[in-house]
Amino acid sequence: MEIIGSLGVLLAIIAIIYFSLREINILVAAPLATAIVIIFNQMNPVVTLLGKAPNQYMGALSGYILNYFAVFLLGSILAKLMEASGATTAIANYILEKVGHDSPYKIMVAIFAISSILTYGGISLFVVMFAVLPLARSLFKKIDLSWHLIQSPLWLGIATFTMTILPGTPSIQNVIPIQYLNTSLTAAAIPSVLGAISCVIFGLFYMKHCLNKSLAKGETYATYALDTSEVIEERELPQFLPSIAPLASLIVIALAGSILGSEFVKKNIIYIALLVAILLAVVLFKRFIAEPLKTINLGAVASISPIFATGSAVAFGSVVVTSVGFNVFSKLILNLPGNPLISLTVLTSSITAITGSSSGSLGIVLPNFAQFYLDKGVEPEMIHRVSAIASNIFTVVPQSGVLLTFLALTGLTHKTGFKETFISVAGSTSIALVVIILSNMVLH
């Protein structure tokens, strides 16, 4: 039975990847893949799909939405206000003015810097893509730089150190562990800073390597790009300081609450920080947003699809991890010899690869396995940081919604737009994780 069940788990993973490659929405793909798990593991289909328990599909989906809807909602509203006001463009223009437009590598670093600032400020990586890619495209065309090189600067900025490594980041991946471990956004701060530095060093080195390789081949903008001439609309933009103020307030409040607040404040500071940032954005950008209420409504509506997509991935994974077939894999992983953080890394990254969602992976691993590692004597702060970064390693897999969005926006394909993306994300976060685990061993 276990062997057949394990085969079903593998087939379900292959199926959800295949469905994603065929552009079948995760809302449809997840229950279809779940059905494969149910059949091969002889699970009750009605109870498993429609039950309300956390290890059943609808129960896991609704539970995830209940726990994290506020973060998705407030984050999406802030993102829409920043986007509609032109604040994200103003920030991007300011950085580009300071860095310059003459050097290909400087331009790539500028894109990385812009993406990093926006995501560390709590802006959704989806919104950052929409804001940064039009600017990047015009710059790449101007200096005739191969369009596929957009991968390393963009992904290094939106999906590595600002997502799970740097202390204080308000990302959902850094928020989820707090609920289960009573930690804070700055968990394992010193090892995390060292990990972030190593992540950026590797990422910038790999970025330079990709650039040199492309230039040596004589590649141009047109080599990989579908040339759709885009005109960036000229409009009045807010000044740099007002533009960055909501993001700065978000970062400062989140950090201050995480460091100085009570346990209650530490668990809820992200909501306060987001609310303050939204109110500040409404006041500062009133002149630049024609219909503020409509913009807020659009932001609220825009939060629905991402949370249901992620929740569906969580629901699929929740059924998988409670199946007989998955027990075979989990026993092997949990009993890996050596430091328990190694098995935590393997377990979390594996589930991310299954679901295609880092936050989805954390929503499965922590409620089911956090106590196991606490009983092993692992510090809650290290469980927080290691699980978060491990969930980041395989964020970009073929079926992940964020990758499919990127490919659609850039006109690249899995063949031309996946390799450098994967290495930039998986390589840099893996190195950071090794540095964090080793530095924690030295410090303790």
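The values are calculated or read from the model by the stated rules, or taken from the named source; none is laboratory data. Note that this is a predicted model, so its numbers are computed, not measured. Here Cβ is always computed from backbone atoms with ideal geometry, including for glycine, and neighbour counts include all displayed protein chains.
Scanning the stretch 174-220 for residues that are more than 19 Å from the chain's Cα centre (by Cα), of a type outside the set (Ser, Thr, Tyr) and assigned to a loop (DSSP other than H, G, I, E, B), we see that the one that is surrounded by the fewest Cβ atoms within 10 Å (Cβ to Cβ) is Gly218. Only residues that are in contact (Cβ under 8 Å) with a residue 40 or more places away in the chain, surrounded by fewer than 24 Cβ atoms within 10 Å (Cβ to Cβ) and part of a helix (DSSP H, G or I) were counted across the stretch 30-42, and they come to 3.
When you check Ala281 against the structure, is it surrounded by 23 or more Cβ atoms within 10 Å (Cβ to Cβ), touching a residue at least 12 places away in the same chain (Cβ under 8 Å) and closer than 19 Å to Thr88 by Cα, yes or no? For Ala281, the condition - surrounded by 23 or more Cβ atoms within 10 Å (Cβ to Cβ), touching a residue at least 12 places away in the same chain (Cβ under 8 Å) and closer than 19 Å to Thr88 by Cα - is met. Tallying residues that are under 28 Å from Gly411 (Cα atoms) and either at pLDDT 95 or above or charged (D, E, K, R) (or both) within the stretch 227-251 yields 5. For the stretch 404-433, the set of residues classified as in contact (Cβ under 8 Å) with a residue 24 or more places away in the chain, touching a Gly at 6+ places or on another chain (Cβ under 9 Å) and farther than 16 Å from Tyr206 by Cβ consists of Phe406, Thr410, Gly411, Leu433, listed by residue number.
Every residue, every condition in (1) of a type in the set (A, V, I, L, M, F, W, C); (2) within 23 Å of Ala159 (Cβ to Cβ), yes or no:
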| residue | (1), (2) |
| --- | --- |
| Val314 | yes, yes |
| Thr322 | no, no |
| Leu334 | yes, no |
| Leu347 | yes, yes |
| Ile351 | yes, yes |
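Scan the stretch 58-107 for residues that are surrounded by fewer than 20 Cβ atoms within 10 Å (Cβ to Cβ) and under 18 Å from the mean Cα position of the chain (by Cα) and the total you get is 5.
Looking at Val397, is it more than 24 Å from Leu194 (Cβ to Cβ), β-branched (Val, Ile, Thr) and buried (at least 24 other Cβ atoms within 10 Å of the Cβ)? So Val397 does not fit the description; no.
Scanning the stretch 43-55 for residues that are outside any helix (DSSP H, G or I) and either surrounded by 14 or more Cβ atoms within 10 Å (Cβ to Cβ) or in contact with a helix residue (DSSP H, G or I) (Cβ under 7 Å, 6 or more places away or on another chain) (or both) gives Met43, Gly51, Lys52, Ala53, Pro54, Asn55. For Leu133, state whether it is among the hydrophobic types (A, V, I, L, M, F, W, C), at pLDDT 90 or above and either within 19 Å of Ile251 (Cα to Cα) or in a helix (DSSP H, G or I) (or both). Against the criterion (among the hydrophobic types (A, V, I, L, M, F, W, C), at pLDDT 90 or above and either within 19 Å of Ile251 (Cα to Cα) or in a helix (DSSP H, G or I) (or both)), Leu133 does not qualify. Scanning the stretch 254-265 for residues that are in a helix (DSSP H, G or I) and surrounded by fewer than 21 Cβ atoms within 10 Å (Cβ to Cβ) yields a total of 7.
Residues are listed down the side, and each one gets a yes or a no for (1) part of a loop (DSSP other than H, G, I, E, B); (2) within 20 Å of the chain's Cα centre (by Cα); (3) free of Cβ contacts under 8 Å to residues at least 60 places away in the same chain; (4) surrounded by fewer than 20 Cβ atoms within 10 Å (Cβ to Cβ):
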| position | (1), (2), (3), (4) |
| --- | --- |
| Asn268 | no, no, yes, yes |
| Ala277 | no, no, no, no |
| Ala290 | yes, no, yes, yes |
| Thr295 | no, no, no, no |
| Gly299 | no, yes, no, no |
| Ile307 | no, yes, no, no |
| Val319 | no, no, no, no |
| Gly325 | no, no, no, no |
| Pro337 | yes, no, yes, yes |
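Would you be able to say whether some residue in the stretch 340-363 is buried (at least 19 other Cβ atoms within 10 Å of the Cβ) and on the phi > 0 side of the Ramachandran plot? So far as the stretch 340-363 goes, yes, one or more of its residues are buried (at least 19 other Cβ atoms within 10 Å of the Cβ) and on the phi > 0 side of the Ramachandran plot. Is it fair to say Ala248 is touching a residue at least 12 places away in the same chain (Cβ under 8 Å) and of a type in the set (Gly, Ala, Ser)? It is true that Ala248 is touching a residue at least 12 places away in the same chain (Cβ under 8 Å) and of a type in the set (Gly, Ala, Ser). Got at least one residue in the stretch 367-376 being among the aromatic types (Phe, Trp, Tyr), surrounded by fewer than 21 Cβ atoms within 10 Å (Cβ to Cβ), more than 20 Å from Ile423 (Cα to Cα) and out of contact with any strand residue (DSSP E or B) (no Cβ under 8 Å at 6 or more places or on another chain)? Within the stretch 367-376 (the criterion being among the aromatic types (Phe, Trp, Tyr), surrounded by fewer than 21 Cβ atoms within 10 Å (Cβ to Cβ), more than 20 Å from Ile423 (Cα to Cα) and out of contact with any strand residue (DSSP E or B) (no Cβ under 8 Å at 6 or more places or on another chain)), the answer is yes, since at least one residue qualifies. Condition check for Thr395 on (1) in a helix (DSSP H, G or I); (2) of a type in the set (Ser, Thr, Tyr); (3) modelled with pLDDT under 95: one failure, at (1). Please determine whether any residue of the stretch 215-226 is touching a Leu at 6+ places or on another chain (Cβ under 8 Å), of a type outside the set (A, V, I, L, M, F, W, C) and at pLDDT 95 or above. No - not one qualifying residue is present in the stretch 215-226.
All conditions but one from (1) in contact (Cβ under 8 Å) with a residue 60 or more places away in the chain; (2) closer than 18 Å to Ser428 by Cβ apply to Ser138; the one that does not is (2). A search for C-beta distances below 7 Å between a residue of the stretch 54-70 that is touching a residue at least 40 places away in the same chain (Cβ under 8 Å) and basic (Lys, Arg) and any residue that is surrounded by fewer than 21 Cβ atoms within 10 Å (Cβ to Cβ) and in a helix (DSSP H, G or I), counting only pairs 6+ apart in sequence or on different chains, returns nothing. Looking at Thr160, Thr223, Thr164, just one residue is more than 28 Å from Val442 (Cα to Cα) and of a type in the set (Ser, Thr, Tyr), and that residue is Thr223.
Checked against (1) over 13 Å from the mean Cα position of the chain (by Cα); (2) over 22 Å from Ile14 (Cβ atoms); (3) among the polar types (S, T, N, Q), Asn392 passes all but a single condition, namely (1).
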